[in-house]
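Asker: Questions regarding the structure given below will be posed in turn.
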Amino acid sequence: MTNHWTDIQNSDCILIMGSNAAENHPISFKWVTRAQEKGATVIHVDPRFTRTSAKADMHMTLRSGSDIAVLGGMIKYILDKDLIFKDYVVNYTNASFILGDKYTFDDGLFSGYDPKTKSYDKSTWAFAMDADGNPKKDPTLKNPRCVYQMLKKHYARYDLDKVMAISGMSKKELVGLYETYAATGTGTKAGTIMYAMGWTQHTVGVQYIRTMAMVQLLLGNIGVAGGGVNALRGESNVQGSTDQCLLFHILPGYLKTPSAKDDSFEAYNKAYTPHSNDPKSANWWQNYPKYSASLLKSMWQDDDPAKSYEYLPRLDKNAASIYSWLPMFDKMEEGMFKGLFAWGMNPACSGANSNKTRNALSKLDWLVNVNIFPNETGWFWEGPGMDPTKIKTEVFFLPCAVSIEKEGSITNSGRWMQWRYKGPNAPNDQKPDGDLIYELMHEIQSLYKKEGGAYPEPITRLTWDAIATNGVFDPHKTAQLINGRFTRDIEIKGKMYKKGELVPSFAFLQADGSTTSGNWLYCNSYTEKGNMAARRDLAQTPEQANIGLFPNFSWCWPVNRRILYNRASVDLQGKPYNPKKAVIAWNGEKWVGDVPDGGWAPGSKYAFIMRKHGFGQLFGPGRADGPLPEYYEPLECPVKEHPFSKTLHNPTAIKFDDEKKAVCDPRYPLIGTTYRVTEHWQTGLMTRNCDWLTECEPQVFVEMSPELAEMRGIGSGDKVVIESLRGSLWGKAIVTKRLKPFSIQGTTVHQVGLPWHFGWTWPKDGGDSANLLTPSVGDPNTGIPETKAFMVNVRKA
Amino acid sequence: MSKTFFIDLTKCTACRGCQVACKQWKKLPAEKTENWGSHQNPKDLSGVTLKLVRFEEVGDRGDMQWLFFPEQCRHCIEPPCLDAMTVPGSIIHDEETGAVVYTELTAQEPDKDAFQMSCPYDIPRINEETGQVVKCDMCVDRVKVGLLPACVQTCPTGAMNFGDRDEMLALAEKRLAQAKKKYPEAELVDAEYVRVIYLVQTDPDSYYESLSASVAPRGPLTRKQFLATLGRPVKSITS
């Protein structure tokens, strides 16, 4: 989230799209409800009528997978009717930037596409540069090659008729959505977006969010109270896990995983440190070498960062198509993995294409499953269709402590790091994850020290005891290491800091090995003043009280800034666009309110300090699939063509060519989608084992419209079979008008949906995972599978 | 000061936190359920389910309402179920809070069905294991030590409220005025007669047949039924 759950109360218009917030983030509705009490309009756009729709002021249905058409249409509507917040668009976005000569767009393909590698040469998307090496700009927005004009041109195709035809929404619904939401583009109103997996789990998931971020930039809704782009994360600490970057392509604090070509620390820093010639661009990432050196120094404290850089593993090429979840299980199925740690995870149910995932597990030599309950992953070998006598995989199950039985922090969607004390001891001496990891690595280190190996130094030289006290994992020491310490006495900005002292904030981190920091974004979270995440003080200034901001409660990255990009909430003189809900304001001497995005005087630096050039990116030349969001169909879809181009699918999507996809396949005529319910969580492992929750939602259900049910001879409560090219499962039919048939390009298309919380282990009559149906296809930037739109059939069991 | 619940159904998201919190505080077992074509489960109140969120879809596409009704005992000001009592002390009408509490003595009642028959809201049920007649007791054990009822404590949206009766009545009137702007048919159900006041956005019968008192919903008869119970001695708390 750029903002926070609590900040939703400040919004004038809340768009909930790609999310069923009332059901899946029930507490969010505390704040949504407060906003409504103050007169806010809540709009829910979703394939279904859900508990969220029931509370919304406006509800409209769209076909799953068609969101970019709808949002692209919104951009066109805003531009056609000139509803942008112009001061903001000119001063804070790259609308005025002029594109270079190589950029083209033709029939669904951007310049630089290589069909052999299914990837783009992004250098063709560069801006035109002036003599000083800065992007050429036209603040009048009239230059035909400026981003604003290119947007107009790009989205000219997204007219109401085309959007209606492909999304199934009516003209009245579309105009109602556009008119209501665009009314926030005045500077004194704020609109926010609450989205979740309904947007991310598509082969164009990143571009869904890009499209909305662009709408927010055009309307001046980023950096303001009640605005922002707000991802409702799927679990309490998934933001924390994201920040620590437990992914293939990034290291803690969103640093880049080195690639093979980055053959020295110097080359690595040079490759990933952006450079701007414009003195008004803060270009915050220019500090990259300080953060990378501090990370390395936190891990290998006895080595110089230039040396310890060599210890980091490197990627052949930093690409989701090679290293993310789907290709990992694809390679596992081919027998290319020896072992797997499934730690607090249940991939046998959670990953797309469960049959493939479960089969892949059978190709492993060993599998370590760390969890609080037995599950479909650890017990895959006795699951449906498996013959245990033919499976070689040796499985180790490590029961662990649950969240309340251990101390540590979680970071919630709104970036608040909150410390949690330990409740009861775990039964049977079960240990917290930290202890398990510490002891495991300690043993691995001992073995390498004793037995050696091909390249033991990365392991033997690791300063592993930095996270332990007397040989026991210490969460406080770990949090302090993540914050960072000075490694020697040093003077910075006229002040002396002693060796061993905690670093006050990331502005003090150094590139020469004189500081450690396990994650620069968290530097300032645990300082000599104490554990900031454990604070529960409600003190606030009147300015902070006005927008419900509590700066002394827990701690928020970065440097306790509660609303990101807040310098864009004021004009170039530091005066809030919306004085009634000011986030920050310049009082003539200093900023008051939230922690500003840098303390420089108003107008002296561009607002978007994390961007190289300092501007919010309407044109975003960094993504794998294009600098502007473009409409593509899901890889399984009910149409042969769409009205925006002849390029049917995202040409860069992750897929495996030997796996068939159902496109207009008469055997699978229905759109399927998966989702969650309030009562269960993720694969249901924790909730399926709680009787009171399975009492509420006991079994897999398949929701469908009365029209479809009649065609299939299905009554509500009947047992049905739902099947795709990849697998099938049973569920109980819920026949309801909350689902409806769509008219897509003149043809009636039906959609069905089911929850993915179930698995064959327990309850015995609960059903199995909905991911038996979903395809191994994913977003080219993130690798996230497309589990929100795929093709199925349903019949009475 | 006597207590009252105010339940604003315009703010209920049917998260069922209240339904589960009730079972958790009361240590009541889960029922073995199956999906029966609805999200509502269990299907009905029972000897082990004292609070149940009912789901009802009304209207057609375009003007559809999905109505949620967290059902519980209304703790009537003049409880008709007192008439069903034949074993002294099987029902306690607590003077301090106004809670209507069924005790273990209900197990000795010769006609247990009379409790449910007497209830205008069709609430009391029989626990098969203990033989007692059971229903919500306002979490009187919590309330007496200054805690909120478990269901109110857990509600995320402000739908469930609990407090002194005059404060709840004032809140109810305030919320009704707000709700009427969006839902002209909004009303407070049986507010004068019960300690669980529901704010509905539409006709109460659309939610559930016994959301409002039975015997001609909210008509003079209902009032008459209540008036008939006036003047009856109120039992004082005995334990």
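The values are calculated or read from the model by the stated rules, or taken from the named source; none is laboratory data. All of these numbers come straight from a predicted model, not from anything done at the bench. All Cβ positions, even for glycine, are placed from backbone atoms using ideal geometry, and neighbour counts span all protein chains on display. What goes into the accessible areas is simple: the full protein's heavy atoms, side chains included, and nothing from ligands, DNA or RNA. Shrake-Rupley method; radii C 1.70, N 1.55, O 1.52, S 1.80 Å.
Asker: What are the pairs with Cβ atoms under 7 angstrom where one residue, in segment B:156-173, is of a type in the set (A, V, I, L, M) and the other, located anywhere, is open to solvent by less than 40 Å² (accessible area, probe 1.4 Å) and assigned to a helix (DSSP H, G or I)? Sequence gap at least six, or different chains.
Answerer: Partner pairs satisfying both residue conditions: B:159/B:9; B:159/B:11; B:160/B:18; B:160/B:151; B:160/B:152.
Asker: Quick one: in segment A:44-60, of everything that is open to solvent by 10 Å² or more (accessible area, probe 1.4 Å) and in contact with a helix residue (DSSP H, G or I) (Cβ under 8 Å, 6 or more places away or on another chain), which residue is nearest to the other protein chains (Cβ to nearest Cβ)?
Answerer: Among those that are open to solvent by 10 Å² or more (accessible area, probe 1.4 Å) and in contact with a helix residue (DSSP H, G or I) (Cβ under 8 Å, 6 or more places away or on another chain), it is A:54.
Asker: Test each condition in (1) open to solvent by 10 Å² or more (accessible area, probe 1.4 Å); (2) within 11 Å of chain B (Cβ to nearest Cβ) for residue A:702 and report the one that comes out false.
Answerer: Looking at each condition in turn, residue A:702 falls short on (1).
Asker: Would you tally the residues in segment A:30-40 being within 11 Å of chain B (Cβ to nearest Cβ), open to solvent by less than 40 Å² (accessible area, probe 1.4 Å) and outside any helix (DSSP H, G or I)?
Answerer: 0
Asker: What number goes with the only condition from (1) more than 21 Å from residue B:16 (Cα to Cα); (2) crowded, with 17+ Cβ neighbours inside 10 Å that residue A:707 does not pass?
Answerer: (2)
Asker: Follow-up. Could you check segment A:295-334 for helices (runs of 4 or more DSSP H) lying wholly inside it with 3 or more residues that are among the aliphatic types (A, V, I, L, M)?
Answerer: A:325-333
Asker: A follow-up question, please. What number of residues in segment A:696-731 are charged (D, E, K, R) and within 32 Å of the chain's Cα centre (by Cα)?
Answerer: First pass over segment A:696-731, keeping only residues charged (D, E, K, R): A:697, A:703, A:707, A:710, A:712, A:718-719, A:723, A:726.
Then keep just the ones that are within 32 Å of the chain's Cα centre (by Cα); that gives A:697, A:703, A:723, A:726.
The qualifying residues number 4.
Asker: Something else: Which residues, counting only those in segment A:115-133, are touching a Pro at 6+ places or on another chain (Cβ under 8 Å), open to solvent by 80 Å² or more (accessible area, probe 1.4 Å) and in contact (Cβ under 8 Å) with a residue 60 or more places away in the chain?
Answerer: Correct list: A:115, A:122.
Asker: OK, next. Any residue in segment A:662-671 that is in contact with a Phe, Trp or Tyr (Cβ under 6 Å, 6 or more places away or on another chain), aliphatic (A, V, I, L, M) and within 11 Å of chain B (Cβ to nearest Cβ)?
Answerer: No.
Asker: Still on this structure: Scanning for something under 19 Å from residue B:22 (Cβ atoms) and in contact with a Ser or Thr (Cβ under 7 Å, 6 or more places away or on another chain), does segment B:109-116 turn up at least one residue?
Answerer: Taking every residue of segment B:109-116 in turn, none turns out to be under 19 Å from residue B:22 (Cβ atoms) and in contact with a Ser or Thr (Cβ under 7 Å, 6 or more places away or on another chain).
Asker: Criterion first (out of contact with any helix residue (DSSP H, G or I) (no Cβ under 8 Å at 6 or more places or on another chain) and not polar (S, T, N, Q)) does residue A:651 satisfy it?
Answerer: So residue A:651 passes the test.
Asker: Quick test of your reading of the structure: residue A:655 fulfils all but one of (1) among the basic types (Lys, Arg); (2) farther than 16 Å from residue B:36 by Cα; (3) within 14 Å of another protein chain (Cβ to nearest Cβ). Name the failing condition by number.
Answerer: Result: residue A:655 fails condition (3) only.
Asker: Among (1) more than 14 Å from chain B (Cβ to nearest Cβ); (2) under 21 Å from the mean Cα position of the chain (by Cα), where does residue A:23 come up short?
Answerer: The single condition residue A:23 does not satisfy is (1).
Asker: Considering only segment A:682-696, I want to know if a residue exists there that is within 19 Å of residue B:54 (Cα to Cα), open to solvent by less than 10 Å² (accessible area, probe 1.4 Å) and either in a helix (DSSP H, G or I) or more than 10 Å from chain B (Cβ to nearest Cβ) (or both).
Answerer: Yes, there is a match, as at least one residue in segment A:682-696 is within 19 Å of residue B:54 (Cα to Cα), open to solvent by less than 10 Å² (accessible area, probe 1.4 Å) and either in a helix (DSSP H, G or I) or more than 10 Å from chain B (Cβ to nearest Cβ) (or both).
Asker: So, one more: Mind listing whichever residues of segment B:1-20 are over 16 Å from residue B:134 (Cα atoms) and within 9 Å of chain A (Cβ to nearest Cβ)?
Answerer: Within segment B:1-20, B:10, B:11, B:12, B:13, B:14, B:15, B:16, B:17, B:20 qualify.
Asker: If you don't mind, there's one more thing I want to ask. Which count do you get for residues in segment A:20-29 that are closer than 19 Å to residue A:755 by Cα and either open to solvent by less than 20 Å² (accessible area, probe 1.4 Å) or part of a loop (DSSP other than H, G, I, E, B) (or both)?
Answerer: 6
Asker: Give B:51, B:43, B:3 a once-over and let me know the one that is open to solvent by 30 Å² or more (accessible area, probe 1.4 Å) and over 28 Å from residue A:47 (Cα atoms).
Answerer: Only one candidate qualifies: B:3.
Asker: So, one more: Restricting attention to segment A:574-598, which residues are within 17 Å of residue A:548 (Cβ to Cβ) and free of Cβ contacts under 8 Å to residues at least 12 places away in the same chain?
Answerer: A:576, A:579
Asker: For segment A:720-764, give me each residue that is part of a strand (DSSP E or B), within 11 Å of chain B (Cβ to nearest Cβ) and over 14 Å from residue A:793 (Cα atoms).
Answerer: A:732, A:734, A:735, A:755
Asker: Please tell me if residue A:297 is of a type outside the set (Asp, Glu) and in contact with a Gly (Cβ under 9 Å, 6 or more places away or on another chain).
Answerer: yes
Asker: Let me ask something else about it. Could you run through segment A:776-797 and say how many residues are farther than 26 Å from residue A:250 by Cβ, more than 14 Å from chain B (Cβ to nearest Cβ) and either open to solvent by 10 Å² or more (accessible area, probe 1.4 Å) or not β-branched (Val, Ile, Thr) (or both)?
Answerer: Kept after step one, since they are farther than 26 Å from residue A:250 by Cβ, are these residues of segment A:776-797: A:789-797.
Then keep just the ones that are more than 14 Å from chain B (Cβ to nearest Cβ); that gives A:789-795.
Those left that are additionally either open to solvent by 10 Å² or more (accessible area, probe 1.4 Å) or not β-branched (Val, Ile, Thr) (or both): A:789-791, A:793, A:795.
The total comes to 5.
Asker: Go through (1) open to solvent by 30 Å² or more (accessible area, probe 1.4 Å); (2) touching a residue at least 40 places away in the same chain (Cβ under 8 Å); (3) among the polar types (S, T, N, Q); (4) not in a strand (DSSP E or B) for residue A:409 and report which single condition fails.
Answerer: (4)
Asker: Okay, next question. Could you please give the count of residues in segment B:40-71 that are in contact (Cβ under 8 Å) with a residue 24 or more places away in the chain, of a type outside the set (A, V, I, L, M, F, W, C) and facing chain A (nearest Cβ under 10 Å)?
Answerer: 2
Asker: If only one of A:179, A:173 is in a helix (DSSP H, G or I), open to solvent by 50 Å² or more (accessible area, probe 1.4 Å) and among the acidic types (Asp, Glu), which one is it? Break it down into steps so the answer makes sense when it comes.
Answerer: On the way: A:173 fails: open to solvent by 50 Å² or more (accessible area, probe 1.4 Å).
A:179 is the lone residue from the list that is in a helix (DSSP H, G or I), open to solvent by 50 Å² or more (accessible area, probe 1.4 Å) and among the acidic types (Asp, Glu).
Asker: Also, I was wondering about something else. Pairs please, first residue from segment A:467-491 and under 19 Å from residue A:300 (Cβ atoms) and open to solvent by 50 Å² or more (accessible area, probe 1.4 Å), second anywhere and of a type in the set (Ser, Thr, Tyr) and in a loop (DSSP other than H, G, I, E, B), Cβ atoms under 8 Å, 6+ apart in sequence or on different chains.
Answerer: A:485/A:516; A:488/A:514
Asker: Right, something else. Could you please find all residues in segment A:233-255 being part of a loop (DSSP other than H, G, I, E, B) and open to solvent by less than 40 Å² (accessible area, probe 1.4 Å)?
Answerer: Going residue by residue through segment A:233-255, those that are part of a loop (DSSP other than H, G, I, E, B) are A:233-237, A:244-249, A:252-254.
A:234, A:245, A:248, A:252, A:253, listed by residue number.
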